Structures are given as structure tokens and as C-alpha cells.
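This report refers to the structure that appears directly beneath it.
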Amino acid sequence: MYLIDTSVWNNFLRGKADQEVELLTGLLEDGSAYLCEVTFAEICFGARDKKQFKQYEERFSEMSFWSSPMVGTQGQRRWGLALEGPASSRFWPIL
């Protein structure tokens, strides 16, 4: 399972062809791509209009959302949850 950064989702939604979008496409195909509520909110706030917002809402209605009991790395670690990977990564394995 991988938690995907907002910037990668934005490139995917815009139809940009790059290495990260290709990786995301593969993760979507095998059900390993996740997003969190904050990422979903960032994507929706970026919608140009109500029509695009509805498209995002529909596209992500079947997506798997990852939630942690506490937001922030310290809280996640306290609950035994962590995102591992370099700070520059846009794909974080969920442990």
C-alpha cells in the first residue's frame, strides 16, 4: 500500500505523462494506491468549478482512503503507524 502525494494525483488528473504518473497508474491497477482525507481535500479545493469538483468526487468515490488515528508523524508513531521513505518521496509505503 502506498500513500500518494497530492502533486502526483494532480499530474495524473491533468493527464501529464511522467514517471510518477506511470507508477501511480500501476498502483491503481493493483489496488495499492491510497490517499488520505487531507489529500482529497487539497485535490477538491483545486477544482476549477462545481463540474470538476463533481468529477473528482465521482472518480475518488471508489478509492481506498488511508486514515490514521492521529495526524502527524509523532502521533502516527505513537499508535504504531508510520510512513517510511525519504522526505523527497511522493510515494510512501504504509506500514
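Here, each number is a calculation from the coordinates, and none is a lab measurement. Just so it is clear, the structure is predicted and the values come from calculations on it, not from any experiment. Please note: Cβ atoms are built from the backbone with ideal geometry, for glycine as well, and neighbour counts cover all protein chains shown.
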Legend entry - Computed E for THR25/SER67 - FRET, C-beta separation, R0 22 angstrom, nearest 0.05: 0.40
Inset, instruction - Would you mind calculating the gained length between LYS54 and SER32 on full extension (0.36 nm times residue separation, minus the Cα-Cα distance), in nm to one decimal? - result: 5.5 nm
Inset, instruction - May I ask you to list the aspartates and glutamates whose Cα is less than 14 Å away from that of LYS54, ignoring any residue fewer than eight positions away on the same chain? - result: GLU62
